[in-house]
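Below: the structure, in structure tokens.
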Amino acid sequence: MLSQVLNALERAPSAADRAHLATIAVPRFLSAKDTQTASLYIVAGFSVDPSAATDALMAKLDGLGITDQTTLVQAVLPSIFGGPWSPDRRLPELSLHNLERLVHLAFKVIRVEEDNDRPNGKVYSPDARDNAEDARSAAVKQLTTIPGRATFNVLLALAEVPGFPISPQQLRALARERASKDAEAAPWLPGE
């Protein structure tokens, strides 16, 4: 029921209704005791004020133990970045700064060395961990698609982070690819 109410408010055509949701969602997220309720509120927060929601998520995680952090991030990341089962979901418009923070968070909490090992050719049902792993990948992909020098710089900075799970070579290649796309001239008009 709560998810339906929050979904309706997220889609409200009135800017006043959306602003009201922003004032409700983050405080309720911060005070929520159970992960399911907290994740519903923070996802609503991301839909109306991604910056405040990112700050609130980081603040709440600072007060949790590693197990609770993992549980919360596994619940929240797929809702922020979508996944294979929600291709039509409208993603929040994250600033490059907040997206970078969420990428760092995703790799810190959803650690690559703890990823599910799914043998090829074996049937399985994705669980919360699988969805979070997909969301972690989607966060990196979203980061690399933001045009501009700042993205190039972020990718190079990630390549310098000791022990970052994506190899420095791969991050530098992504940075070069971003620079190459940014350097392409606008297509010529047919009359030109």
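Some values worked out for this structure:
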| read-out | value |
| --- | --- |
| Filter result (open to solvent by 30 Å² or more (accessible area, probe 1.4 Å) and under 13 Å from Asp34 (Cα atoms)) within the stretch 61-80 | Leu64, Asp68, Thr71, Ala75 |
| Selected residue [farther than 26 Å from Gln69 by Cβ and either surrounded by 13 or more Cβ atoms within 10 Å (Cβ to Cβ) or touching a helix residue (DSSP H, G or I) at 6+ places or on another chain (Cβ under 9 Å) (or both)] from Arg136, Arg101, Arg172 | Arg172 |
| Members of the stretch 33-46 found to be in a helix (DSSP H, G or I) and open to solvent by 30 Å² or more (accessible area, probe 1.4 Å), listed by number | Thr35, Gln36, Thr37, Leu40 |
| Scope the stretch 150-169; condition polar (S, T, N, Q), closer than 18 Å to Asn98 by Cβ and surrounded by fewer than 17 Cβ atoms within 10 Å (Cβ to Cβ); matching residues | Asn153 |
| Answer residue from the stretch 124-152, given it is polar (S, T, N, Q), without any contact (Cβ under 8 Å) to a residue 60 or more places away in the chain and assigned to a helix (DSSP H, G or I) and is farthest from Phe107 (Cα to Cα) among those | Thr151 |
| Test result for Pro147, open to solvent by 90 Å² or more (accessible area, probe 1.4 Å), at pLDDT 90 or above and closer than 23 Å to Gln69 by Cβ | no |
| Failed item in (1) under 18 Å from Thr70 (Cα atoms); (2) in a loop (DSSP other than H, G, I, E, B); (3) touching a helix residue (DSSP H, G or I) at 6+ places or on another chain (Cβ under 8 Å); (4) not β-branched (Val, Ile, Thr), with Arg118 passing the rest | (1) |
| Single unsatisfied condition, Gly83 versus (1) modelled with pLDDT of 85 or more; (2) not in a helix (DSSP H, G or I) | (1) |
| Identity of the residue in the stretch 1-32, over 19 Å from Ser95 (Cα atoms) and modelled with pLDDT of 90 or more, that ends up most open to solvent (accessible area, probe 1.4 Å) | Arg28 |
| Qualifying positions in the stretch 159-185 - in a loop (DSSP other than H, G, I, E, B) and at negative phi | Glu160, Val161, Pro162, Phe164, Pro165, Ile166, Ser167, Glu184, Ala185 |
| Set Asp49, Asp55: member being buried (at least 20 other Cβ atoms within 10 Å of the Cβ) and of a type outside the set (Phe, Trp, Tyr) | Asp49 |
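The values are calculated or read from the model by the stated rules, or taken from the named source; none is laboratory data. Quick caveat, the model's predicted, so the values are computed rather than measured. When we count neighbours, we look across all protein chains shown, and the Cβ atoms used for this are built from the backbone with ideal geometry, even at glycine. We work out accessible area using only protein heavy atoms, side chains counted, and drop any ligands, DNA or RNA first. Shrake-Rupley method; radii C 1.70, N 1.55, O 1.52, S 1.80 Å.
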